[in-house]
Amino acid sequence: MTNTFFMGVDLGTTYLKIGIYNTAGDLSAYSKQEINLFNPKKGEYFQDPDEFYTKTLKGIKKCVSESSVDPKNIKGIGFDGQSGGITAVDHNFKSVIDYDIIIDSRAAKYSKLLNEEYKDFIYKHTGCASTYGEKIIYWTKNSKINKKIHKFVQPADFVSGRMCGLKGEEAFMGFSYLCWSGLCDAETLNWSKDICDKFEVDIDKLPRVVDTFEIIGNINRENAEKSGLMPGTPVIAGGGDGCVTMLGAGLNKPGKTGFLAGTANGIFQIVDKMYPENKYKIFHQYSVFKELKALLNFDMSGRSHFWFKEIFYPGKDNDTCADPGSEAVPENSFLRIEKALSGIPQCSEKLMFFPNFNGTIRPYKPFIKGGWLGLDLTHRKEHLYKSIIEAISFNRYLDLLKIKEIHNSDTNGIKEITVIGGGAESRAWDQIISDVFGKKVVKYKRNDFATLGSAFIAAKACGGIEDITGSIDAALKIEEIFYPDDHRHKKYIEFIDIYKEARESLEDIFLKLNSFKL
């Protein structure tokens, strides 16, 4: 069915990406647009849902116009999106509030309630922490805003609902988004009335929960004209960007392990059961498949990577991720520093970096900040940068040790680690990950895992393919394998012990800084 095409839309934290694929996974057209992030005052970080919608239409139109694909042959469109925050619609499916991303702290009071005072209770029911349940409570407590809210929704569901002309009562949410709500039941994969009642959340303001592969509507005539698609094109629910990315990267069977190197940065392993009693409260990321989960720990330390580029290498050309299908990544000042890293000794000549500018999520310690330890006059920008990607890798290694302990596995049993996210394009970082973990690291020829995953979800839902995991595996081709150096691995493990001690010893200092009044 190579003349049948499907579209995938990935609404991430930083970029909106769209791709058109045939059932073999070949990419026909691709669009990538930056999403504005507003930070008008301390603690407020939000995005505009209407921008998500208008840029999605723009990106789809670009893909349709630049490809040789007849819109009649695009048989479905799947969506995935970020899920750390929440937005809402009124009765007519118009946006009521901005989308407050995961690091927005206006709901800190309620985050403390869910993630500290009631963390055991929440974890027992959801297998996760809450990142947006507290935001729902926050908006519910604002009587003026709450009167306008008909249903809370995720950004991708807002966009797909708008494109189908849904009404507020038809609002929906794919079950994979639920894990970060703090308001669900992991067993039923639905909202928990008991939890909602406990925290005075009106369950009627929560959208209906749907399956990943449910067709939630069809593109209406107005949006077909704006996007270049055919009226009536089916739209599929899809899921959270994390789990759809895992699917698109072939991480779909128990035991497979992945390193997410993006704005959100994490380590995860696919499992087929819940571990609700583990002492670390490691997250259970829900999969696009009901029978699977991913044991995951993550934070937003990837923001430190972007921060470094913005401060030391400003400019629009500093994206290390080439678009899928491009011939090469253009040379620029930031890429030159990547090439220079090979001359910097491991451990960045005893330089440590702490990348959690906005605190940690698990354990929940929002007071933790970032910084360097061990700077001297010999250090240059290359050292600073290498210490950043080393530190992020150290934190993920320590997380994997916890995951290993939770389900009594041996990290030596891990055959390989698949690196996904923008950081995967950095060969220097891929090698560091291999050396830190002491494992083979696989890099695929493509990095469009989220849009590929969403497109194949649409293909499965619309009958274009039967075996979605087999089809994705066939579409993935290895570009390079990175092997660990045993000496470097042992040296990193020694350094990580010191790093862990330093990180823990600084917590009291960060607490004092947090309470210091200027």
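The values are calculated or read from the model by the stated rules, or taken from the named source; none is laboratory data. Please read these numbers as outputs of a predicted model, since none were measured by experiment. In this analysis, Cβ positions are derived from the backbone assuming ideal geometry, glycine residues included, and neighbour counts consider all displayed protein chains.
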Taking region 372-388 and keeping only residues that are in contact (Cβ under 8 Å) with a residue 40 or more places away in the chain and surrounded by fewer than 21 Cβ atoms within 10 Å (Cβ to Cβ), one is left with 373, 381, 382, 384
Read through the list (1) over 19 Å from the mean Cα position of the chain (by Cα); (2) assigned to a helix (DSSP H, G or I); (3) over 22 Å from residue 10 (Cα atoms), then give the number of the only condition that residue 484 fails.
(2)
Would you pick out the residues in region 10-29 that are in contact with a helix residue (DSSP H, G or I) (Cβ under 7 Å, 6 or more places away or on another chain) and surrounded by 14 or more Cβ atoms within 10 Å (Cβ to Cβ)?
10, 11, 12, 16, 17, 18, 19, 20, 21, 23, 25, 29
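Matching residues to (1) of a type outside the set (Val, Ile, Thr); (2) more than 16 Å from residue 11 (Cβ to Cβ); (3) buried (at least 18 other Cβ atoms within 10 Å of the Cβ):
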position: 50; (1), (2), (3): yes, no, no
position: 54; (1), (2), (3): no, no, no
position: 65; (1), (2), (3): yes, yes, no
position: 78; (1), (2), (3): yes, no, yes
position: 93; (1), (2), (3): yes, yes, yes
Confirm whether residue 393 is modelled with pLDDT under 95 and either out of contact with any Ser or Thr (no Cβ under 7 Å at 6 or more places or on another chain) or buried (at least 18 other Cβ atoms within 10 Å of the Cβ) (or both).
no
Among (1) under 22 Å from the mean Cα position of the chain (by Cα); (2) without any contact (Cβ under 8 Å) to a residue 24 or more places away in the chain, there is one condition residue 231 misses while meeting the rest; what is its number?
(1)
Hey, can you tell me all the residues within region 420-457 that are among the polar types (S, T, N, Q) and in a loop (DSSP other than H, G, I, E, B)?
426, 447
Can you confirm whether residue 200 is on the phi < 0 side of the Ramachandran plot, surrounded by fewer than 17 Cβ atoms within 10 Å (Cβ to Cβ) and assigned to a loop (DSSP other than H, G, I, E, B)?
no
Condition check for residue 214: charged (D, E, K, R), at pLDDT 95 or above, surrounded by fewer than 20 Cβ atoms within 10 Å (Cβ to Cβ) and under 24 Å from the mean Cα position of the chain (by Cα):
yes
Subset of region 373-404, residues in contact with a helix residue (DSSP H, G or I) (Cβ under 9 Å, 6 or more places away or on another chain), farther than 22 Å from residue 509 by Cβ and of a type in the set (A, V, I, L, M, F, W, C), comes to 389, 400, 401, 403
Is there a residue being part of a loop (DSSP other than H, G, I, E, B) and hydrophobic (A, V, I, L, M, F, W, C) anywhere in region 223-240?
yes
Looking only at region 352-368, count every residue that is modelled with pLDDT of 95 or more and surrounded by fewer than 22 Cβ atoms within 10 Å (Cβ to Cβ) and tell me the total.
1
If residue 43 satisfies all but one of (1) touching a Gly at 6+ places or on another chain (Cβ under 6 Å); (2) at pLDDT below 95, what's the number of the condition it fails?
(1)
Only one of these conditions is not met by residue 471: (1) closer than 30 Å to residue 212 by Cβ; (2) not in a helix (DSSP H, G or I). Which number is it?
(2)
